[in-house]
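Okay, structure first, notes after.
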């Protein structure tokens, strides 16, 4: 048995001009503020804590482990699988990816998918939940747009309608159950690193230190890398592929974002399982998907076709750099 999204980014969605929103109560905005602010304060405290000796190799190892688990949960799970259907997977992998993504503390699968599908439907025009360009292109407007696209949009009173943009996710019984117990997943995301840190060091101090670095600091890191794809990758960077929006590639975000910052190709080919399609463009999410495919844990992977990618290049001279490219005879 395989499962995959029935709706792709540009198919079977509400007609243009009917973006589809739902009301977000004040209590939810306060909750979001809590989960944005607390990890952010952890980032501020990180330098003096590290300087003061509150950073061990155990903390570093646990940070990397949970950064990889939760980061890939967002990029491979929430994004490429649930939102765009870049591959198919059985129930076990589906649930695993949903849990991994939930541990990133970026909300339920259904709301994340709905927001991102709407973003693709109205990318950088009216209706986009987090475009940085809706205020204009003068300096102050871009600065205001950066704040909105990076974090501010999370607090908007009107949020994307799950029923309109992610009905397939909303109707999935497994994902419904995970959404119901999302608070427990949040607790687990923060406490499991602490428990491991305590057991490895056999100390309460080790547990507290791991809670900070592999819990709070890791969540803040994942948050701001993810949000940078919305903001940085729509303002700065290089536009390598043709698309109807302002999406760009930002090379220095490639490793932290597991390949998501090769954003120009993503908006040109939303369902592609690989975003870094040129030689030298590291895409760790694609490596993970390829590993799952080799292990026969996923199937029907939508790998990019070189000839199709070539047609969408802004600069045709880059064609020889496309992975798998063969010059026509």
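Across all C-alpha atoms in region 174-329, the radius of gyration and Dmax reach 19.7, 67 Å.
Can you bin region 21-321 into rounded, prolate or oblate? Criterion: square roots of the alpha carbon gyration tensor eigenvalues sorted a ≥ b ≥ c, rounded for a/c under 1.5, prolate for a/b above b/c, oblate for the rest. Rounded is the answer for region 21-321, as its axis ratio a/c remains below 1.5. Per residue, the convex hull spanned by the Cα atoms of region 273-317 measures out at 77 cubic angstrom. Remark on region 46-167: hydrodynamic radius 16.5 angstrom, per the Kirkwood mean of 1/r across alpha carbon pairs.
For the pair region 197-270 and region 63-97, the centres of their Cα atoms are 14 angstrom apart. Length available on full extension from residue 299 to residue 156: 0.36 nm per residue minus the Cα-Cα distance, which gives 47.7 nm.
Distance between the pseudo-spin-label points of residue 310 and residue 57 (7 Å out from Cα toward the beta carbon): 5.0 nm. The relative contact order of region 21-321, computed from alpha carbon pairs under 8 Å that lie at least 6 residues apart in sequence, is 21 percent. Taking 0.36 nm per residue of sequence separation and removing the Cα-Cα distance, the residue 279/residue 201 pair yields an extension gain of 23.9 nm.
For region 149-254, the Kirkwood estimate of hydrodynamic radius, built from reciprocal distances between every pair of different alpha carbons, is 17.2 Å.
No lab work stands behind these numbers, since they all come straight from the coordinates. The shown structure was predicted, so the numbers you read here are calculated from the model rather than taken from an experiment. Positions of Cβ are generated from backbone atoms using ideal geometry, with glycine treated the same way; all protein chains shown enter the neighbour counts.
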